[in-house]
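The values are calculated or read from the model by the stated rules, or taken from the named source; none is laboratory data. Just so you know, these numbers come straight off a predicted model, no measurement behind them. Counting neighbours? That spans all protein chains shown, and the Cβs are built from the backbone with ideal geometry, glycine included. Ligands, DNA and RNA are excluded from the accessible area calculation, which covers all protein heavy atoms including side chains. Shrake-Rupley method; radii C 1.70, N 1.55, O 1.52, S 1.80 Å.
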Amino acid sequence: MRLRFPSPGATYGSLPDVFAVTKDAAIKCTVLKRPKHPANCTQPNQPARAPTEHTMHILLLHPPQAKPAEPPAGLPLLAATLRAHGCSCSVCDFNIEGLSYLIDREIATNDTWSRRAAKNRHRHLASLNETATYENPDKYIRAVADINRFLENCGNTQNIQISLANYQDPYLSPLKSDDLLQQARNFQENLFFSFFEKRLRDEVAETSPTHIGISLNYLSQALCTFAILGFLRKEFPNIILILGGGLVTTWLQSPGWHNPFDELVDYMIAGPGEEQLVELLTGSLPVRRVSPDYSDFRRYSYLAPGFILPYAASTGCFWRKCSFCPETSERNRYHPVTPDMAMTELEQLIRDNQPSLVHFLDNAISPAMLHLLADSPLGVPWYGFVRFTKELADPQFCRRLRRSGCVMLKLGLESGSQEILDRMNKGIDLQLVAQVLEALAKAGIGTYIYLLFGTPGESLTEARQTFDFVRQHHHEIHFLNLAIFNLPIGSREIDELQISDFYEGDLSIYCDFHHPRGWNRREIRRFLESEFKREPVIHSILQNDPIHFTSNHAPFFMPRLIRQ
């Protein structure tokens, strides 16, 4: 692990220093450290204190705004690892708490839909916890749309655009560090300020945290995260602030990264944070892996029919060869949990949490893990991402997977052109894809297929090949995700293209490029809207996708879709 000190020898009271180790560890994780606070900084009504091994307590936060269907992915494992190594820890999901705060507000409405949404919002929330709602698409759509309408009206009171899955300020961009710092300075202007001010004061009074860590994974969380950071830095200057998560990892691994937040955040961590936080708090590295701890999240009522258990049997991707993929451009290593250990952990987690669904978070569940799942049913439904592999072309194996509880698999097809698949190094052929889709459909396993338009090798000709392939196999596809290609800033292929800024902002993680075949984004959108989506069988598939929640709720619709 590499530390970048803003000034030579800067330390933080009696906080253990973290020293540079191997080059491999530096790739795995980067920790940025800011100078210690001025000696006269104190917390309100509290004496200045230097954290010690006996007083250290860390509060971990999941900030708004993200889909509130299940617990956050990383914090349960982070909390479990800290506790297993003697670190005092508490966890709060401010995303689901913030939603409850907004839903409980009373706001003026001036149109029929808004009045209906306000009147029925609590009933709609309760209905999303009922399985019967997912058997009735019209009822589901009404519930989600009305909840979202109410949230939109809450945002309108402060000129904020908010939904169940997004948070936007028309004057501040999460892609600009200056705007994020402005949000930190003007934290009172954030839509959630009244909520997090009270909650944080209560948490600090109750647990006296020496450290607060925030997991920032999505752009939709960035503005709220920095509002929280700004409030904490002003009101509790002695608390050590740590920022990690998927979006932070992408920032830190971007070429030419320069930290603009060193006066606000004490530590920024890239990659899985378990080792880094344990070392930061104890001075030594973790000695063993532990199973995630969901006890902090069982108190929350997520918007799903039962508790969804997120679980990762690996980080990174076992294939890791696809061109333009962030896993490739960010050079993330593949770290699997052994299948036997994963099954042992899952069995205990299922006993402890009684989930209605297990969500595998792996970039792709490994064939070895799939075989073990087929041989050792979990006893609850499950779904996750997989690659098109020969195992999934075996009808008997797919039937075993279905009996093991598999209700849906997500698969990245990307293109129906073999030439494009080969150029992307996908490692699959369309004949295998067809066999997999048929075997899964016959076994009663749902498919959520991801398509990617506009890669540098594609033109309208290849896009129409994708159109033809999907149309040909529409009976075997239950959901579709359509995306237009974005070029990651760190892509290895970037030198081969004529590039320009995609978004204004020093934190942009993508860049635009001159398409070598003239297949620009406007032409792609025209094709998707005028041809692809208008095909009746494809339009029917697109109508299956749960609004706002997409794949997070899709498995709950599979019983109805399989019966059709």
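Of the conditions (1) buried (at least 16 other Cβ atoms within 10 Å of the Cβ); (2) over 27 Å from the mean Cα position of the chain (by Cα); (3) part of a loop (DSSP other than H, G, I, E, B), residue 467 clears all except one; give me its number. Just one mismatch for residue 467, condition (3).
Screening the stretch 278-316 for residues that are open to solvent by 10 Å² or more (accessible area, probe 1.4 Å) and part of a helix (DSSP H, G or I) and picking the one that is nearest to residue 341 (Cα to Cα) gives 279.
Against the condition open to solvent by 50 Å² or more (accessible area, probe 1.4 Å), not aliphatic (A, V, I, L, M) and not assigned by the TED database to the domain that holds residue 173, how does residue 476 come out, does it pass? Can you show your working first?
Details: open to solvent by 50 Å² or more (accessible area, probe 1.4 Å): no; not aliphatic (A, V, I, L, M): yes; not assigned by the TED database to the domain that holds residue 173: yes.
Answer is no for this residue.
Conditions tested, residue by residue: (1) free of Cβ contacts under 8 Å to residues at least 24 places away in the same chain; (2) aliphatic (A, V, I, L, M); (3) closer than 23 Å to residue 129 by Cβ.
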{"residue": "275", "(1), (2), (3)": "no, no, no"}
{"residue": "280", "(1), (2), (3)": "no, yes, no"}
{"residue": "288", "(1), (2), (3)": "no, no, no"}
{"residue": "302", "(1), (2), (3)": "no, no, yes"}
{"residue": "309", "(1), (2), (3)": "no, yes, yes"}
{"residue": "314", "(1), (2), (3)": "no, no, no"}
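Among the residues of the stretch 470-504, those that are more than 27 Å from the chain's Cα centre (by Cα) and of a type in the set (A, V, I, L, M, F, W, C) comprise 470, 497, 499.
Residues that are part of a loop (DSSP other than H, G, I, E, B), under 17 Å from the mean Cα position of the chain (by Cα) and not aliphatic (A, V, I, L, M) within the stretch 201-230 comprise 217, 218, listed in sequence order.
Got at least one residue in the stretch 385-405 being of a type in the set (Phe, Trp, Tyr) and either open to solvent by 40 Å² or more (accessible area, probe 1.4 Å) or touching a strand residue (DSSP E or B) at 6+ places or on another chain (Cβ under 8 Å) (or both)? Yes: one or more hits. Taking the criterion of being among the acidic types (Asp, Glu) and open to solvent by less than 10 Å² (accessible area, probe 1.4 Å), the only residue of the stretch 260-277 that qualifies is 266. Number of residues in the stretch 540-564 that are surrounded by 13 or more Cβ atoms within 10 Å (Cβ to Cβ) and in a helix (DSSP H, G or I) equals 14.
Residue 95 meets each of the listed conditions (1) at pLDDT below 95; (2) among the polar types (S, T, N, Q); (3) in contact with a strand residue (DSSP E or B) (Cβ under 8 Å, 6 or more places away or on another chain) apart from (1).
For the condition without any contact (Cβ under 8 Å) to a residue 24 or more places away in the chain and either among the aromatic types (Phe, Trp, Tyr) or out of contact with any Pro (no Cβ under 7 Å at 6 or more places or on another chain) (or both), what is the one hit in 126, 165? Steps first, please.
On the way: 165 fails: without any contact (Cβ under 8 Å) to a residue 24 or more places away in the chain.
Of 126, 165, the one residue that is without any contact (Cβ under 8 Å) to a residue 24 or more places away in the chain and either among the aromatic types (Phe, Trp, Tyr) or out of contact with any Pro (no Cβ under 7 Å at 6 or more places or on another chain) (or both) is 126.
Screening residue 97 on (1) without any contact (Cβ under 8 Å) to a residue 24 or more places away in the chain; (2) under 20 Å from the mean Cα position of the chain (by Cα) shows it passes everything except condition (1). Within the stretch 504-521, is there a residue that is aromatic (Phe, Trp, Tyr), assigned to a helix (DSSP H, G or I) and open to solvent by less than 30 Å² (accessible area, probe 1.4 Å)? No, that holds for no residue. Count of the stretch 215-243 residues, restricted to those that are open to solvent by less than 10 Å² (accessible area, probe 1.4 Å), touching a helix residue (DSSP H, G or I) at 6+ places or on another chain (Cβ under 7 Å) and closer than 15 Å to residue 93 by Cβ, is 2. Is it true that some residue in the stretch 375-382 is open to solvent by 10 Å² or more (accessible area, probe 1.4 Å), within 26 Å of residue 332 (Cα to Cα) and either of a type in the set (Phe, Trp, Tyr) or touching a residue at least 60 places away in the same chain (Cβ under 8 Å) (or both)? Looking through the stretch 375-382, none of the residues is open to solvent by 10 Å² or more (accessible area, probe 1.4 Å), within 26 Å of residue 332 (Cα to Cα) and either of a type in the set (Phe, Trp, Tyr) or touching a residue at least 60 places away in the same chain (Cβ under 8 Å) (or both). Please find, within the stretch 149-196, the residue that is farthest from the chain's Cα centre (by Cα) out of those that are among the hydroxyl-bearing types (Ser, Thr, Tyr) and in a helix (DSSP H, G or I). Top of the filtered list is 194. Can you find a residue that is out of contact with any Phe, Trp or Tyr (no Cβ under 7 Å at 6 or more places or on another chain), assigned to a helix (DSSP H, G or I) and over 19 Å from residue 390 (Cα atoms) anywhere in the stretch 426-438? No. Can you tell me which residue in the stretch 76-109 is surrounded by the fewest Cβ atoms within 10 Å (Cβ to Cβ), limited to those that are under 20 Å from residue 227 (Cα atoms) and of a type in the set (A, V, I, L, M)? Ranking the qualifying residues of the stretch 76-109, first place goes to 102.
I'm trying to understand the selection: among the residues of the stretch 231-262, which are part of a helix (DSSP H, G or I) and small (Gly, Ala, Ser)?
246 - this is the single residue of the stretch 231-262 that is part of a helix (DSSP H, G or I) and small (Gly, Ala, Ser).
Of all residues in the stretch 53-75, those being touching a helix residue (DSSP H, G or I) at 6+ places or on another chain (Cβ under 9 Å), farther than 30 Å from residue 161 by Cα and surrounded by fewer than 24 Cβ atoms within 10 Å (Cβ to Cβ) number 3.
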